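Just below is one structure, and these are the notes that go with it.
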Amino acid sequence: MTSGSENIQPTRGELLKLKKRIELAERGHELLQEKRDALVTEFFDHLDTLKEKREKVDEEMEEAFEDLIEAKVVSGNLSLEQIGDASKRDIDVDVDTRNIMGVRVPFMEVENVKREITERGYDLQETSPKVDEASEKFEEALQAILELAETEEIVKSLAREIEKTKRRVNSLEHVLIPRLEENKEYIEMRLEEQEREDKFRMKRVKQKIESQET
């Protein structure tokens, strides 16, 4: 037995306490395993979504740059820079959180990403339709990028929680529960020894009494 076991009082009261602690630890272990498995399911579901959103960003960025190149050919670099300056604006991104299996993950609400053609700030009569197409594509790409960022952070948060839960499961399974079981066995062994000693003493006392009566 370990030195920790040797410091335990081998009493029936202590044995009952240990049995309750073992029961609670085993129940906690079971619940954490269920949580870990549910988190892993959520993780892979969001990982699939992340892959889809990355592919969407790649496609939309590729289309946006193709339209930008065509707009540059038609309008020229200087004109595009002036159009870009005219169409600058702030985008409101409200980042809140929501709950997934007890994990706080980001929830984004984005306003004013996609605009009407008349809201972009440049003169429609002085620009090519290619500029409008490129502007629209980049706005769609930006929307996709923001959605991708949200999903990436969700995946990271779930991964961190899975790792933390796995450590707790392993700690219960390989450290705490075995130590409690060892302590329980130690107390049971000592109680059995005490019971044998008590029986032996009772037998000796009985023999002594009988010998005195004869």
| said: So, taking all protein chains as they sit and a 1.4 Å probe, how much accessible area belongs to Lys72, in Å² rounded to tens? | reply: 100
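Per the 1.4 Å probe, what fraction of the accessible area of the chain, in percent, lies on carbon and sulfur atoms?
Taking all protein chains in place, the chain shows 49 percent carbon and sulfur surface.
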| said: What aspartates and glutamates does Lys53 reach when the alpha-carbon gap must be under 16 Å and sequence neighbours fewer than 8 apart in one chain are set aside? | reply: Asp45, Glu62, Glu63, Glu139, Glu140, Glu147, Glu150, Glu152, Glu153
| Range of Cα positions in segment 1-128 per principal axis (Å), largest first | 93, 25, 25
| query | Going from most exposed to least, what order do Phe200, Phe138, Phe65 have by accessible area with a 1.4 Å probe? | reply | Phe200, Phe65, Phe138
| How large is the Kirkwood hydrodynamic radius of the chain, in angstrom, based on all distinct alpha carbon pairs? | 24.0
| Among Lys56/Lys114; Lys17/Lys184; Lys35/Lys166; Lys17/Lys164, which pairs are too far apart, with a Cα-Cα distance over 21 Å? | Lys17/Lys164
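On average, how much accessible surface per residue is there in the chain, in Å², for a 1.4 Å probe, leaving out ligands, DNA and RNA?
69
The values are calculated or read from the model by the stated rules, or taken from the named source; none is laboratory data. Here the structure is a predicted model, which means the values were calculated and not measured. Note: accessible area is taken over every heavy atom of the protein model, side chains too, but ligands, DNA and RNA are not part of it. Shrake-Rupley method; radii C 1.70, N 1.55, O 1.52, S 1.80 Å.
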